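Below you'll find the structure, written out as structure tokens, and then a few comments.
The values are calculated or read from the model by the stated rules, or taken from the named source; none is laboratory data. Fair warning: this is a prediction, and the values are worked out from it, not measured in the lab. Ideal geometry is used to build each Cβ from the backbone, glycine not excepted, and the neighbour counts take in all protein chains shown.
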Amino acid sequence: MSHPLRIGIIFSGRGSNMKALLDHIQAKPDTYTLANLICNKPQAIGISVAKAQGFNTTIIDHTRFDTKTDFETEISNELSSANVDIICLAGFMRILSAEFVRKWDGRIINIHPSLLPAYKGLNTHQRAIDDGAQWHGCTVHYVVADMDAGEIITQTRVQVKKDDTAETLAERVLNVEHKTFCDGLDLAAIAYRENKRTKE
Ligand code: GAR
């Protein structure tokens, strides 16, 4: 049996996806271990959510750095020293540079609140409503240098209701994000082990 994969999680806010991943990692100790938890916002609610579950968060506040490169170097050092295998972006609201993504190529996955390739970027729920979209949802995908453009790992669809507001739709999508992200991690983990095996 190979060693549990070392998972890094990076988040910026409320952390509900981060918590879902923590629960998933804790439920599968033979498969995963949490390598580190990083947040770029010192006031993020998710920090206390993680604390309540017994996990400390490393705060890497992007506003403390003169350049994006310095900020990302700090994150990279943190991930490297924790020997991270797979990095999950769980509501991490900064765009990573091409250099960072190249360094961690094929090892970063992200959850995005739309059925990509539709609605990359922000305000996805309002844009789906404005378009009269019948279906909306969430996507787990690999992170590449182009925003929200990496290979799709898994998606879950949610029907848009006639009376939906951006808030009601966001809530229903968030409800399915948690399982979708855990499923996406499971699929990425299989691919990661497979890839490692072929390289060896
Ligand atoms: C989630 O809806 C996630 O899909 C979205 O931010 C929210 C974070 O919520 N991510 C993005 O928009 C990334 N571009 P959470 O902090 O409760 O997980």
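Assorted remarks:
- Members of region 92-106 that are among the charged types (D, E, K, R), surrounded by 15 or more Cβ atoms within 10 Å (Cβ to Cβ) and either part of a strand (DSSP E or B) or over 14 Å from the mean Cα position of the chain (by Cα) (or both): Lys103
- Taking residues in region 27-41 that are in contact (Cβ under 8 Å) with a residue 24 or more places away in the chain, and partners anywhere that are assigned to a helix (DSSP H, G or I) and surrounded by fewer than 19 Cβ atoms within 10 Å (Cβ to Cβ), the pairs with Cβ atoms closer than 7 Å and at least 6 places apart or on different chains are Asn36/Glu78; Ile38/Glu78; Asn40/His62.
- Residue tally, condition closer than 20 Å to Ala98 by Cα, surrounded by fewer than 14 Cβ atoms within 10 Å (Cβ to Cβ) and in contact with a Leu (Cβ under 9 Å, 6 or more places away or on another chain), over region 115-146: 0
- Among residues of region 53-91, those that are buried (at least 19 other Cβ atoms within 10 Å of the Cβ), in a helix (DSSP H, G or I) and out of contact with any Ser or Thr (no Cβ under 7 Å at 6 or more places or on another chain), counted: 3
- Of all residues in region 1-52, those satisfying the criterion of being of a type in the set (Val, Ile, Thr) and not in a strand (DSSP E or B) are Ile25, Thr31, Ile45, Ile47, Val49.
- None of Ala145, Ala82 is of a type in the set (Gly, Ala, Ser), more than 20 Å from Cys182 (Cβ to Cβ) and touching a strand residue (DSSP E or B) at 6+ places or on another chain (Cβ under 7 Å) except Ala82.
- Inclusion of Ala145 among residues that are touching a helix residue (DSSP H, G or I) at 6+ places or on another chain (Cβ under 7 Å) and small (Gly, Ala, Ser) is warranted.
- Boolean, Ala191 is at pLDDT 95 or above, of a type in the set (A, V, I, L, M) and more than 24 Å from Ile95 (Cα to Cα): yes
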